[in-house]
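Notes for the one structure printed next.
The values are calculated or read from the model by the stated rules, or taken from the named source; none is laboratory data. From a predicted model like this one, the values you see are computed outputs, not experimental measurements. In this analysis, Cβ positions are derived from the backbone assuming ideal geometry, glycine residues included, and neighbour counts consider all displayed protein chains. To get the accessible areas, we keep the full protein, side chains included, count just its heavy atoms, and leave off ligands, DNA and RNA. Shrake-Rupley method; radii C 1.70, N 1.55, O 1.52, S 1.80 Å.
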Amino acid sequence: MSDKDTMETWMEESAEFTHNMAQVSETSAEIWKQFLHAQAANADHPARLDPLNTLPSFTNFAKALADNPQQLAAATFGWWQSQAELWQSAWSRWIGEPADAVVEPSRGDKRFKHEQWSENVLFDYLKQSYLLTASYLQGTAHDVGDLPPQERKKIEFYTRAFVEAMSPSNFFALNPEVLEATASQKGENLVRGLKMMLQDMERGKGQLIIRQTDMDAFEVGRDMAVSPGSVIFQNNVLQLIQYAPTTEQVHARPLMFIPPWINKYYVLDLNEKKSMMKWLVAQGFTVFMVSWVNPDEAQAAETWDSYMDALSDAMNVALKETGQKKLNIASYCIGGTMVGSILAHAGKTKDTRIASATLFTAQLDFADAGELQVFVDDKTIDAVDAEMEKGFLPAEKMASAFNMLRSADLIWGYIVNNYMLGKEPFPFDLLYWNADSTAMPARVHHFYLETFYRNNAFVRGTLPIKGEVVGLDDITGPVYHVAAREDHIAPAHSVYRGARMMKNADVRFVLAGSGHIAGVVNPPAAEKYQYWSKDSLDEETLEEWMTQAQEHPGSWWQDWAPWLARHSGRKVKARTPGQKSDVIEPAPGSYVRLRFDQR
């Protein structure tokens, strides 16, 4: 290539880069405009200045550090030593000498996969220095001083959030993969990325709602929630789906499923291979599913009790439809907490409609209720109330809270991939479901946070339900209780404690492998994970129980099905949905299709 051709190529590439940077500047200005407009609209309430109420906790932590200078000095000295060792290692590499890494990312850390994080001395130094500092900060938050357990949890959580936010991989100028992409694409990656950011901000009406998957790749009722059935009942808060049978005979007693209203039910009917609903129908159960409405101002007056009334009406419809006097109920997460309320109230009032209950990853004891507990104290509840001034908690608020629990993966990983590298996220049905967020009625959500999370009223026997005061001792009858070993939302040890406290119930406790979703949605055909079972709950702690429990390969569904069958009665002819009720519309119904970003 001649010098003239080289110069022309350079000028063309420079012009393209300049044009792209102009678009970056223009899009950035629009993003800032929308952001500042949204901030101005939210600046009128004092609780929003520190909505997570972190200042008191970090003030107490600062005092703990000051009161324990020797602990802090020892931790700081260890950090300086490791940094000095890193400097020696980096200097050796600069002059061409071999040197071992001082610290390595954890095996599952995806932030530093690009080869330049290891091969380039500068980027390798940045990576290792960050990892050492992150370990120092998190270790200090965990070890130094004497703080109440709840305060310590809060400090650890927000320290981890800060550490994850400050990763060098999150900064344009410090991420070799982003710099490489920007150079090779002449800035086109940033143009694409910021246009995606602007779209996500417009979708969130001024708040950044990060896309985690291709939102156009899936459709509810077409790609997920596809098990055939009919909506046979609805009220202000729910639709009731009856699934079509796939066997000639079914168990006489129906199974009604109560999912959480924090998420949409179709995680249990995600696709044909993963669908619990399809599997249950194939086992010969008549299955009903509650599909909660995605609430707005129309549900502002709803309460915990009115949600229970709505479920009671749905139970009556399922019983009428099947001609039975009793039914089985199954539940998931917060749906299980409400089922616990239903069972306790039924025990107190001698309601005999429930033959058995199954609870998946459901907390009843909230003394140590996982990482979500850091969001609950008097001031944070006040801040949440301020967000619910229209009578409901906007869907994006709860979604943000859940994303914070895994911010490295669910926030910063997508900021880098989407907005810096300009890549569309991979189509993934589970992440589509995760992004299909739901709002919550203000009074229902306030009751849940205050009564369960803050006051732990169920354990104390002071839970007010429909004119009665109930506790875990009021629960009777057969209960199948599942915890997930790696659950960060409903910790297994907490679920186990709640199971043991149902002293008047016949409880079968099972521990599933994996976490809050994968531990529950684990069809037998996948041959994944394992579960532990034992016929009694004599041991004080989950750890002690596990030493006596038997480990089984595969899915706990295989243990649940025969247990459920024993409480489901004889076999009868399969039932067509809506034989005794008017069919309103085909499954999955209209309630589950309502998205917060389409209002």
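Data table
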| quantity | calculated |
| --- | --- |
| Among (1) under 30 Å from Ala526 (Cα atoms); (2) out of contact with any Gly (no Cβ under 9 Å at 6 or more places or on another chain); (3) open to solvent by less than 30 Å² (accessible area, probe 1.4 Å), the one test that Ala318 misses | (1) |
| The lone exception for Lys350 - which of (1) in contact (Cβ under 8 Å) with a residue 40 or more places away in the chain; (2) out of contact with any His (no Cβ under 7 Å at 6 or more places or on another chain); (3) not aliphatic (A, V, I, L, M) it fails | (1) |
| Per-region count, region 392-434, residues of a type in the set (Asp, Glu) and either touching a strand residue (DSSP E or B) at 6+ places or on another chain (Cβ under 9 Å) or at positive phi (or both) | 1 |
| Extreme residue, surrounded by the fewest Cβ atoms within 10 Å (Cβ to Cβ), among residues of region 464-484 that are acidic (Asp, Glu) and touching a helix residue (DSSP H, G or I) at 6+ places or on another chain (Cβ under 7 Å) | Glu468 |
| Residue among Asn170, Asn189, Asn236 that is open to solvent by 40 Å² or more (accessible area, probe 1.4 Å) and modelled with pLDDT of 90 or more | Asn236 |
| Some residue of region 493-503 being surrounded by fewer than 21 Cβ atoms within 10 Å (Cβ to Cβ), among the hydrophobic types (A, V, I, L, M, F, W, C) and within 24 Å of Gln373 (Cα to Cα) | yes |
| Count - residues of region 543-584 that are open to solvent by 50 Å² or more (accessible area, probe 1.4 Å) and touching a residue at least 24 places away in the same chain (Cβ under 8 Å) | 12 |
| Qualifying residue in region 116-124 (condition: touching a Lys or Arg at 6+ places or on another chain (Cβ under 6 Å), open to solvent by less than 80 Å² (accessible area, probe 1.4 Å) and not aromatic (Phe, Trp, Tyr)) | yes |
| Residue count, region 125-139 (criterion: in contact (Cβ under 8 Å) with a residue 60 or more places away in the chain and buried (at least 20 other Cβ atoms within 10 Å of the Cβ)) | 0 |
| Of all residues in region 201-233 being among the acidic types (Asp, Glu) and without any contact (Cβ under 8 Å) to a residue 60 or more places away in the chain, the one that is surrounded by the most Cβ atoms within 10 Å (Cβ to Cβ) | Glu219 |
| Residues of region 227-284 classified as of a type in the set (Lys, Arg), within 24 Å of the chain's Cα centre (by Cα) and within 17 Å of Asn316 (Cα to Cα), total | 0 |
| Meets criteria (under 15 Å from the mean Cα position of the chain (by Cα) and either part of a loop (DSSP other than H, G, I, E, B) or within 18 Å of Phe452 (Cβ to Cβ) (or both)) for Leu359 | no |
| Matching residues in region 362-389 - criterion: being open to solvent by 30 Å² or more (accessible area, probe 1.4 Å), in contact with a helix residue (DSSP H, G or I) (Cβ under 6 Å, 6 or more places away or on another chain) and part of a loop (DSSP other than H, G, I, E, B) | Asp368 |
| Residue within region 452-463 that is under 23 Å from Thr358 (Cα atoms), under 19 Å from the mean Cα position of the chain (by Cα) and either of a type in the set (Asp, Glu) or surrounded by 22 or more Cβ atoms within 10 Å (Cβ to Cβ) (or both) present | yes |
| Residue ID - least open to solvent (accessible area, probe 1.4 Å), chosen from residues in region 82-115 that are closer than 22 Å to Phe171 by Cα and among the acidic types (Asp, Glu) | Asp109 |
| First in region 482-509 and touching a residue at least 12 places away in the same chain (Cβ under 8 Å), second anywhere and basic (Lys, Arg) and open to solvent by 10 Å² or more (accessible area, probe 1.4 Å), Cβ under 6 Å, 6 or more apart | Ala492/Arg485 |
| Hey, Lys325 free of Cβ contacts under 8 Å to residues at least 40 places away in the same chain and under 19 Å from Leu564 (Cα atoms) or not | yes |
| Condition broken by Ala310, with the remaining ones in (1) out of contact with any strand residue (DSSP E or B) (no Cβ under 7 Å at 6 or more places or on another chain); (2) farther than 30 Å from Pro562 by Cβ; (3) hydrophobic (A, V, I, L, M, F, W, C) satisfied | (1) |
| Flag for Asp487 being open to solvent by less than 20 Å² (accessible area, probe 1.4 Å) and of a type in the set (Asp, Glu) | yes |
| Candidate set: region 422-441, residues that are within 17 Å of Met224 (Cα to Cα), of a type outside the set (S, T, N, Q) and not in a loop (DSSP other than H, G, I, E, B); chosen: the one most open to solvent (accessible area, probe 1.4 Å) | Leu430 |
| Checking Gly413 against (1) modelled with pLDDT under 85; (2) open to solvent by 30 Å² or more (accessible area, probe 1.4 Å), the condition it does not meet | (1) |
| Given (1) at pLDDT below 80; (2) open to solvent by 20 Å² or more (accessible area, probe 1.4 Å), number of the condition Phe392 does not satisfy | (1) |
| Residue, farthest from the chain's Cα centre (by Cα), within region 291-329, restricted to residues that are polar (S, T, N, Q) and closer than 22 Å to Tyr266 by Cβ | Asn328 |
| The lone exception for Ala483 - which of (1) assigned to a strand (DSSP E or B); (2) more than 20 Å from the chain's Cα centre (by Cα) it fails | (2) |
| Boolean, Arg593 is open to solvent by 40 Å² or more (accessible area, probe 1.4 Å) and under 25 Å from the mean Cα position of the chain (by Cα) | yes |
| Every residue from region 281-300 that is modelled with pLDDT of 95 or more, aliphatic (A, V, I, L, M) and either within 26 Å of Lys397 (Cα to Cα) or buried (at least 24 other Cβ atoms within 10 Å of the Cβ) (or both) | Val287, Met289, Val290, Val293 |
